[in-house]
Amino acid sequence: MSDVNESLVTPLVTTETTDEQASRQGKGSVSDVRSLVVQLIGELPNGWGRLLGAVALSVAATGASVALLAVSAWLLSYAAEHPPALYLLVAATAVRTFGTTRGVFRYFERIVSHDVALRMQSALRMNVYDRLARTTLLGARRGDLLIRVTADVESIMDVIVRVALPFASASIVLLGTSIILGFFDFWSAAALLVCSVLAGIVLPLIAQRMSARTDASSVPARADLAQVVHASARATTDIVAYGRVEQQLAQVAEADARLRAAESKAAWTQGLAAGSQLFIMGVAVAAALVLGGHAVATGAMPGRELAVLALTPLALNESFADLAKAAQTMTHASTALRRIIELLTAPPVGVGDRVVEPVQPAETGSESDVAPAEPEAPSASAVLELDGLAIGWPNNPVIVDDLSLTVKPGQAVAVTGPSGIGKTTLAATVLGLIPPRAGELDVAPSVGYLAQDAHIFTTTISENVRIGNPFASEDDVVEALRRAGLPYLAPERIVGEDGNTLSGGEARRVALARILVISPRPALTLLDEPTEHLDAETAQKLMDDIWATTLPEGAMLVLTHDPGVVARCDREVKLGE
Amino acid sequence: MAGPINPRLLREAGATRGFIIGVGATGVAQSFLVIAQATIIAGTVTRIVENRSTDGVWTAVGWLLAVFAARGVLTWLTSVLAHRASAGVKSSLRRRVLAARLANPGSQTSTASIVTVMTSGLDAIDAYFGKYLPQFLLSATVPIIVGVAVAIHDLTSLIIVVVTVPLIPIFMVLIGRTTQTQVARRFKVQLRLANHFADLVAGLPTLQVFGRARAQAKGLAASEGESRRHTMGTLRVAFLSAGVLELFATLSVALIAVTIGFRVLAGDLDLNTALYVLVLAPEIYIPIRMVGVHFHDSANGDAAANAAYAIIDAAEAQPTVDDDSDATTAGDSGDLLQLDNVTYRYPGSDEDAVAGLSLAVRPGEIVALAGTSGAGKTTSLNLALGLLNPDEGRVLVDGGKHLTTQRGPDWREQVAWAGQIPGLLGPTVADDVALGLPAGQAVADHTDLLRDALDRVGGESIPLDHPVGDDGEALSAGERRRVAMARALLRVEQGGARLLLLDEPTAGLDEAREAQILWTLRDLGVGVLVVSHREAVLAAADRVVDMTAPAASLPEGAK
């Protein structure tokens, strides 16, 4: 996966290989993730200070609960020797203090660790956004990738809160406890350390390895279930109309059963790890009784210290339980973060942002960091001239070779061809997002682009329209909406998640308004499958309006496979022939 | 606030209820093992300290290891049983949600919400059964059993337990109430800020086309900062309840420890009993504390279950029409399909989707439904399929039989249908076209038939082995319509359907192909009800029923 565009165009393939790789070679991914974490902490103001603070608070909280039981045990044993009450006061105060501080430390540890994790997540989001903005994303199948990125980024929170912090603090507490108990009796402290390493580190790692294999097998099962459910939900009427209800329910049950089998193995492993941890701590208690008991019998250790040795492992068990889960969390998180790392380290494709003609000269400074791939001025009569053009994504094969066509003002030219022939690649090339592979490309400096899946942002209608022209006035926006056939849409209305308060036709008209608000009007407008996913009547009305608003002032290049749209155009160019 | 236990979810467990009882039983067994563990540890330590000898330590250690081994096995068993319970509930809910969706195809629940509920949504139930429920069962049994075990040897310590334990749930409820209102108040703004990144990333291709992607980075940084401040504000409140819970639990243990310490000093209590109480005291509080820790799992599981039940309930709440005995009293009119002054309104809507529609289709006749968007043309087809019951008027089929959703399945065996945005099941085009064949026919035996049907509806360029799916390689919307048409054609020619229902069958086709399809329809000789706005289709129909939108102000696409 050295080539970013491949991973952008075929993310489904990437997922599977990455999951398999992660389960087989967890080592490499863990060290990658570690360097990402280190880099992000470095980017935060006082990042290391915050993280160490969280670790210190966590150690204090866990330590307090261990100390509570240990000191209490000492208190009881010493009290049994009936010393003067004064001698017990310090221990009694310590017990009360540990009882109070544990909850307090834990509360602040949660606050500090979540704060630092959220800051790291923000930093990672900024890095990812910056990186994605610099690579051209127009093209097939990118939707999956972009949706997954947002979920993947959140894994950094898990790595900090659920993995790094518990492991760091548990290791420190274990080591510290063993050292302190070593002053009481060396051999039982050594036994405790060995048991702790087994239960806290070795077991979680074994559980992780075992679950990585079952996780890998549950990924395709989960995907199958999602696929069957998705098809069933979308094709409900078809299933009912053709009497396939029982068959469909059986298919879901079958996919469900396979996922259930995979998940059952995971539950088995988790239970086994937790049970074994408990047993190992039992061994530590037993070792303390035998070895410490021997020390007491020989007089090497005062009797009151035996209870401390025997009871401390019981308090440690609670912090181990989180570690088995932490190791499994790391499997999932490192798979997700590996995808992010791949994305961050891959070389960019194309220019990312299009070079847009400055709309208002005074504001050009903000966009001047973009390397201008200034197109040559088109010949006086044409707004688009392709001469022997070869197109294809950088580092990928040329898809279409020797393409020649001319679009003159007032013309609409259709480019047709079956799905996957390279229509969107042509759009990206004409828009200047990726370079042509060979041949000549002369295009007007200002080009509008209307996509079938233009994104409607969760903000006001007005802000959505202004994406076409950030300097447009409120009146400009209202006028653009009116011409786009949406006179009833209030500019200040906030569009819901994924634009779901707009119908498909309305969303496409908002996208049209983005083009209509560009000033001066673009000499060429690209339409990319403008009728796809619209019902016939809505599509026809939209095409009527586009032809009425866009064509008189410019020209159009229409990428489509809809014969109805082709019929409206002046000319048809077939790709792949 | 939701109750501590969702009774419906427990009922759902049905056959797997045994596993839940098993989880409870392991909890009870754990308590007795914990008591045994405390007895052995306290007894052994006391004996060694008092006798200064390790006599009998190996026997004690043997018993101790056996106890820990048993506890380990029970821990493993709890995990497995909890998984069984949760998996059973998930499977049952998945089946019921999908069955509800298929029982009520006319419902307006969005595809996306069904997919979410049935896949990742229901996974929240794992934590409910895997973490919350076992802890809840433990918190109801362990403190009582262990408390009694403490009381047998030391009544004084029990008093501390009896005073402090009830305080914990009381405080939890009090704090939970306050935090919940606070959290709910912040939640909306927090969600909007949190989604800004997702929204920008999803819209990156659009931003790049307008050269606006990099300019958004500054706005993103600002909203990220604001989002973090809001989230931390919420967390500070939300962590409070867990913090207080932990404080109470550990403080209570400390209180017990100090109290028994001074009673040992005074000679009121022997070391053996004191150590025994010290080992048991934390065990009383752990399950209660854990209920607090996993409380959000309960809330998430509850929410997931309720989302599933909402879909199931919506399907069951669909009004059923009395199966009137005068099924054929309308008289045999010879009409294949008759809509008699039919009105339908979607639940929750305040306007009729179809208002007072009347039409009839006789065998061999092509009837076209025309009208503006939002006039209810597609809803009319759903009524004719028996997917919806009209609010007023009647749908009569087969010469006057009263069609209700209950009779829908029988009626649909005689109907072929092709929607405007057809859903395909796959895995390949051939499988989908073959849905039109009579049940039980193997796809491989009829490839010629499938190919021929596809060719006659303008799908010559679609390979039969082309995979069907949602990704970039899949069919375009126009190609999917061809597949659905071919399927309907086979249903008439091979499956013996007598009525053909079509929604915009010629959308996106050129005139030559449109004419070819109209000829094909005429040749079939069955009754055809076709929704279309194309001139050629309306001209070819024997009759045109014009539906005008009941609400002309409706925006397009809102049907």
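Observations on the model:
- Computed over the Cα atoms of chain A, pair by distinct pair, the Kirkwood hydrodynamic radius stands at 28.9 angstrom.
- Calculated [θ] (222 nm, deg cm²/dmol) that DSSP helices of n ≥ 4 give over chain A, each run adding -39,500 (n - 2.57): -20500 deg cm²/dmol
- Proximity of backbone amide H atoms, modeled 1.01 Å from N, is registered between A:Val349 and A:Thr136 at under 5 Å, excluding neighbours fewer than 5 places apart on the same chain.
- Spin-label pair B:Val162/B:Ala140, simplified geometry with 7 Å Cα→Cβ offset, distance in nm: 2.3
- Chain A: antiparallel DSSP beta bridges as a percent of all, rounded to 5: 40
- Mean-position separation - Cα centroids, the stretch B:20-91 and the stretch B:251-306, in angstrom: 17
- Computed over chain A, relative contact order equals 16 percent, with contacts defined as Cα pairs under 8 Å that lie 6+ residues apart.
- Of the residues A:Trp268, B:Trp417, the one with the fewest other Cβ atoms within 10 Å heads the list, and the complete ranking is A:Trp268, B:Trp417.
- Shape analysis of the stretch B:73-172 yields a ratio of the Cα radius of gyration to the Kirkwood radius, Rg/Rh, of 1.23.
- Label zone of A:Asp545 (point 7 Å out along Cα→Cβ, amide N under 17 Å): in the stretch A:503-535 this covers A:503-518, A:527-528, A:530-535.
- Applied to the stretch A:440-445, the Karplus parametrisation 6.51 cos²θ - 1.76 cosθ + 1.60 on θ = phi - 60° returns per-residue 3J(HN,Hα) values of 9, 9, 10, 9, 4, x Hz, with x for Gly and Pro.
- In the stretch A:470-572, GluC sites (Glu not before Pro) in a DSSP loop with at most 13 other beta-carbon atoms within 10 Å: A:Glu492
- Among beta bridges that DSSP assigns inside chain B, antiparallel share in %, nearest 5: 40
- Cross-link pairs beyond the 29 Å C-alpha cut-off, checked among A:Lys408/A:Lys574; A:Lys408/A:Lys541; A:Lys574/B:Lys377; B:Lys377/B:Lys401; A:Lys325/B:Lys90: A:Lys574/B:Lys377
- Note on A:Arg258/A:Asn395: beta-carbon distance plugged into 1/(1 + (r/R0)^6) with R0 of 30 Å gives a FRET efficiency of 0.20.
- Charge context of B:Val97, other residues only, Cβ under 13 angstrom, K/R +1, D/E -1: +1
- The Cα atoms of the stretch B:9-316 cover 86, 47, 34 Å along the three principal axes, with the biggest extent listed first.
- Order of A:Met120, B:Met118, B:Met172 - criterion: other Cβ atoms within 10 Å of each residue's Cβ, fewest first: B:Met172, A:Met120, B:Met118
- Kirkwood Rh, Cα atoms: Rg over Rh of the stretch A:378-574: 0.97
- Of all DSSP-defined beta bridges confined to the protein assembly as shown, some 40% are antiparallel rather than parallel.
- Crossing angle, helix A:86-133 versus chain A [Cα axis fit, 0-90 degrees, rounded to tens]: 20
- Screening chain B for DSSP H helices whose Cα atoms reach 18 Å or more along their own axis and whose mean Kyte hydropathy is at least -0.5 gives B:17-51, B:57-103, B:133-153, B:155-202, B:217-265, B:271-293, B:295-316, B:477-493, B:511-524.
- GluC sites (Glu not before Pro) restricted to DSSP loop in the stretch B:378-475 with at most 10 other C-beta within 10 Å: none
- Cut-off under 5 Å, modelled amide H: who pairs with A:Glu572 long-range: A:Ala414
- Between B:Val148 and B:Arg543, the distance separating the two model label sites (each 7 Å from Cα on the Cα→Cβ line) works out to 8.0 nm.
- For A:Gln411, nonlocal amide neighbours, meaning residues 5 or more places apart or on other chains whose placed amide H falls under 5 Å from its own, are A:Met556.
- Backbone N atoms of the stretch A:441-464 closer than 11 Å to the 7 Å Cα→Cβ label point of A:Arg493 belong to residues A:461-462.
- Inter-probe distance in nm under a simple model that places probes 7 Å from Cα toward Cβ, at A:Ser519 and A:Phe183: 7.9
- Neighbour counting of Cβ atoms within 10 Å sorts the residues A:Met281, A:Met157, fewest neighbours leading, into A:Met157, A:Met281.
- Pairwise centroid distance, computed over Cα atoms, of the stretch A:38-111 with the stretch B:408-483, Å: 68
Every number here is computed from the coordinates shown, using simple stated rules; none is lab data. The structure presented is a predicted model; accordingly, all values stated were derived computationally and were not measured. FYI the Cβ positions are ideal-geometry reconstructions off the backbone, even for glycines, and counts take in every protein chain you see.
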